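Here the structure comes first, spelled out in structure tokens, and everything after it is commentary.
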Amino acid sequence: MTEAVDAETADEELATNGHPEDPDFGETLLSVDGLTKYFQNESGFLSWLKIRPDGDGAPIEADRDWVKAVDDVNFEIKKGETLGLVGESGCGKSTLARTVLHLLDPTDGEIYYKGRNLESLSSEELRRERRDMQMIFQDPQSSLDPRMKVGPIVEEPMKAHGMLDDERREDRARELLEKVGLDPQHYNRYPHAFSGGQRQRVNLARALSVNPDFIVCDEPTSALDASIQAQVLNTMSRLQEEFGLTYLFISHDLSVIRHISDRVAVMYLGQLVELAETEELYENSQHPYTKALLGSIPVPDPRASGSRGQLEGDVPSPIDPPSGCRFRTRCPELIAPENYDLTEAEWHNVRAFMRSVDRHDFDFDGEADLRREFFGNAEPTGEGGRIVDRAIDHLLDDEWEDAAELLLESFAEQSICALEKPAYEVDAENGDGRHYAGCHLHQDRDVVH
Amino acid sequence: MSEPLLEVEDLRTQFFTEDGVVRAVDGISFTVNEGEIVGLVGESGAGKSVAASSIMRLVEQPGEIVGGEIRFKGETIFGLEDVERDGDGPPEKVPRDDMLSNAEVRERIRGREIAIIFQDPMESLNPVFTVGGQLREFIEINRDLPENEARDLAVHMLREVGIPEAEERYDDYPHQFSGGMRQRVLIAMALACEPSLIIADEPTTALDVTVEGQILDLVDDLQGKYDTSFIWVTHDMGVVAEICDRVNVMYLGEIVEQADVDSLFHDTQHPYTKALLNSIPRPDQSVGELNPIAGVMPEAINPPSGCRFHTRCPEAREVCTRTHPGCREVGDGDGPHRAACLKHEGVFNAGYVESESIENKTTGGFDVGLTEEGEADD
């Protein structure tokens, strides 16, 4: 009987972090507006000193490079849902996660959690707010102190936030271990005695200990084997239902994202390129990058017709990202510049030629060979054709860089993709949610922020 | 049918640790034919990487190949024979006369005949030497070419694997290459001596999905061009489906299923393979609840009795705890299809049908029993 009473007071104490203006399920829990995070590029001693002998004024100036890790990102998360955030390594998804929790100070933009601007909070208020927002990291090993037993590990956040007394903290820790699928008897074991999947469960229990509403999961199952990953994903779904949790789930694995998410955001080089409900995004993707990503995943079925390796080249540096649409340097559907009169086939050839010259990935044997190789079926005429001719002249003189510069300046930089940042809302074919696509192929649609 | 390129028979590799003997690879047999990509798939701890290094005789202390035979193009890479000891006691195992010496393996086999590509390209390249220099040195040593010819070949190989501006990038250091580019360099290195067999140990695991796609494409192209055979070690069933011709599924040091890729996915004969396939989320369709395999893989230091998968197997019966199934032919269709599971009563005759189903304590994950206990407490 006393236990029941204890449990009740514990519940009250646990609930005190609730806001008076707690949103209902389906209402916005967190919204991110124009979020931007730049880092100073500090690689190299005195690398910020730029020598400009031929410039005006002082020949040496201090000019720091900025790594534009996250640039003008907008999204919102509704209470009780899972927003999947997918992208390749280096696209800024982990930085975004940390910035959302204010573990990193944003360079620009606002984050509203339950309607409150996190920027406006004092550090003490922010600390208290964090009780409501927890994070789970990728490596279950390094996020657990090897010298602490798992029980105290789970109790630590409660201690930090002054919740409950010793005895009830221990009760709660044992209860949580059980909830995440571990044996409460394991309370006194050290992390090394657990397997990777079990350690991730300990991390889950620790995150849950302060009864948060919002959990950011940064690649929580990427280090786990397939069969263990499935166990942990199922546990996470169950806990979400039981505790009414909201997840921001970050992963590079499109299969996992499809399985766990209600809505999915795709990130490329610091920006969101597409955001839609899961089914809609996978079945009716509108951004060429999303399409390429989906096309590249190896499907675990030998009879599925795969079309992999759809993207050429590497991701550009976030220090100096491409203007307009950041994907344009690799986009298979880069839009033709309006100032030349090119047919579809001609533009296709010019685009391929331009990129090959830029990457310097071919050799040729005379002009005829070159023209046959790149412009066999359609050779551009008019102004566009004259630029191609000049570029070929450069190549014949072995001036690759001049040729590349000429082509990029005349074609790539003139495309609408380079001139404006795309942001459109397209019609969803599946479900009734919004479908955001950052691609100028949809320039006839409504522009969103 | 032509003679297989590589034959592995009953290979056993063990690690002698303070805690006991870890039977990392415990009696696996498989073959690789010419121009074939053979998959070696399993979860971490299944023994796939140890098996791969054993073929190259690269197992290090405290590990040791303790039994079995590895034949490659008619030569014996590894083979033991029994020698009677004076007096009593079991016969001693000593290397056979025809087994290649360490020097022969080093000089004739590694790099020239069998090359290996590791998962982490940064660890395989020396950070203080240029990429081109390392590639050139490798070619010089293994193909006995003079320096300038080796250099030309190195540049040619870099171009071959799709490194742009190969001539200029020859003098770059590994850190100036991206992960995908570094992996391409390793592929160039592996192919440079035109080996008959390349062992690829999780070569795309550390790469992004679009880069992985590029590398798989590249391997496909080059394989067609050079007619090289591959042993592809991976945990990713998607990659297996994409590129492998035949597949060996490993669990706890043993091969539990062996089949061509289509039958493995569409006519699965072993419960572990089936469970593994059911536990992965699909990129091409939405599935409700995932079906994880219960529990975790036991330690190889003290594997379960009988069938090693019986502690997690949804189809386990009492007989499975006692009888250890070998990997036997179970297929009815075309092509060999072997599986190590007693449920194929017609093949194993172990009394599986009459045997009672065992209550797998871990069925449904190890949380089931506990949650009930928790409810009783409330």
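General remarks:
- Residue match in the range B:96-118 (condition: more than 17 Å from residue B:177 (Cα to Cα), part of a strand (DSSP E or B) and touching a Gly at 6+ places or on another chain (Cβ under 9 Å)): yes
- Any strands (runs of 3 or more DSSP E) falling wholly within the range A:52-111 and containing at least 3 residues that are modelled with pLDDT of 90 or more: A:66-78, A:82-86
- Residue match in the range A:249-264 (condition: of a type in the set (Phe, Trp, Tyr), within 21 Å of residue A:138 (Cα to Cα), crowded, with 22+ Cβ neighbours inside 10 Å and within 11 Å of chain B (Cβ to nearest Cβ)): no
- Residue A:365 being within 14 Å of chain B (Cβ to nearest Cβ) and either in contact (Cβ under 8 Å) with a residue 24 or more places away in the chain or not hydrophobic (A, V, I, L, M, F, W, C) (or both): no
- Summed over the range A:292-309, the residues that are more than 7 Å from every other protein chain (Cβ to nearest Cβ), at pLDDT below 80 and within 19 Å of residue A:266 (Cβ to Cβ) give a count of 1.
- Of the residues making up the range B:12-60, those that are in a strand (DSSP E or B) and free of Cβ contacts under 8 Å to residues at least 60 places away in the same chain number 6.
- Among all residues of the range B:275-287, there is none that is within 12 Å of another protein chain (Cβ to nearest Cβ), more than 30 Å from residue A:278 (Cβ to Cβ) and not β-branched (Val, Ile, Thr).
- Selection within the range B:205-234: residues that are in contact with a strand residue (DSSP E or B) (Cβ under 8 Å, 6 or more places away or on another chain) and hydroxyl-bearing (Ser, Thr, Tyr). The member of this set that is surrounded by the most Cβ atoms within 10 Å (Cβ to Cβ) is B:234.
- All conditions in (1) more than 10 Å from every other protein chain (Cβ to nearest Cβ); (2) aliphatic (A, V, I, L, M); (3) touching a Ser or Thr at 6+ places or on another chain (Cβ under 6 Å) hold for residue B:209, with the sole exception of (1).
- Restricted to helices (runs of 4 or more DSSP H) entirely inside the range A:130-234, those with at least 1 residues that are within 14 Å of chain B (Cβ to nearest Cβ), modelled with pLDDT of 90 or more and buried (at least 20 other Cβ atoms within 10 Å of the Cβ) are A:166-179, A:196-208.
- Residue B:64 vs. criteria over 26 Å from residue B:240 (Cβ atoms), out of contact with any Lys or Arg (no Cβ under 9 Å at 6 or more places or on another chain) and in contact (Cβ under 8 Å) with a residue 40 or more places away in the chain: yes
For every residue, the table says whether it meets (1) of a type in the set (Asp, Glu); (2) more than 30 Å from residue B:250 (Cα to Cα); (3) in contact with a Lys or Arg (Cβ under 9 Å, 6 or more places away or on another chain).
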{"site": "A:189", "(1), (2), (3)": "no, yes, yes"}
{"site": "A:210", "(1), (2), (3)": "no, yes, yes"}
{"site": "A:216", "(1), (2), (3)": "no, yes, yes"}
{"site": "A:227", "(1), (2), (3)": "no, no, yes"}
{"site": "A:246", "(1), (2), (3)": "no, yes, yes"}
{"site": "A:253", "(1), (2), (3)": "yes, no, no"}
{"site": "A:268", "(1), (2), (3)": "no, yes, yes"}
{"site": "A:276", "(1), (2), (3)": "no, yes, yes"}
{"site": "A:284", "(1), (2), (3)": "no, yes, no"}
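- The number of residues in the range B:332-352 being touching an Asp or Glu at 6+ places or on another chain (Cβ under 9 Å), surrounded by 18 or more Cβ atoms within 10 Å (Cβ to Cβ) and touching a residue at least 40 places away in the same chain (Cβ under 8 Å) comes to 6.
- Boolean, residue B:108 is among the basic types (Lys, Arg) and within 27 Å of the chain's Cα centre (by Cα): yes
- Condition check for residue A:326 on (1) without any contact (Cβ under 8 Å) to a residue 24 or more places away in the chain; (2) surrounded by 16 or more Cβ atoms within 10 Å (Cβ to Cβ): one failure, at (1).
- Every residue from the range B:118-162 that is modelled with pLDDT under 90 and among the β-branched types (Val, Ile, Thr): B:141, B:161
- Residue in the range B:239-246 that is more than 9 Å from every other protein chain (Cβ to nearest Cβ), surrounded by 18 or more Cβ atoms within 10 Å (Cβ to Cβ) and either out of contact with any strand residue (DSSP E or B) (no Cβ under 9 Å at 6 or more places or on another chain) or more than 30 Å from residue A:199 (Cβ to Cβ) (or both) present: yes
- The residue that is nearest to residue B:209 (Cα to Cα), among those in the range A:312-321 that are modelled with pLDDT of 80 or more and under 18 Å from the mean Cα position of the chain (by Cα), is A:315.
The values are calculated or read from the model by the stated rules, or taken from the named source; none is laboratory data. Note that this is a predicted model, so its numbers are computed, not measured. Please note: Cβ atoms are built from the backbone with ideal geometry, for glycine as well, and neighbour counts cover all protein chains shown.
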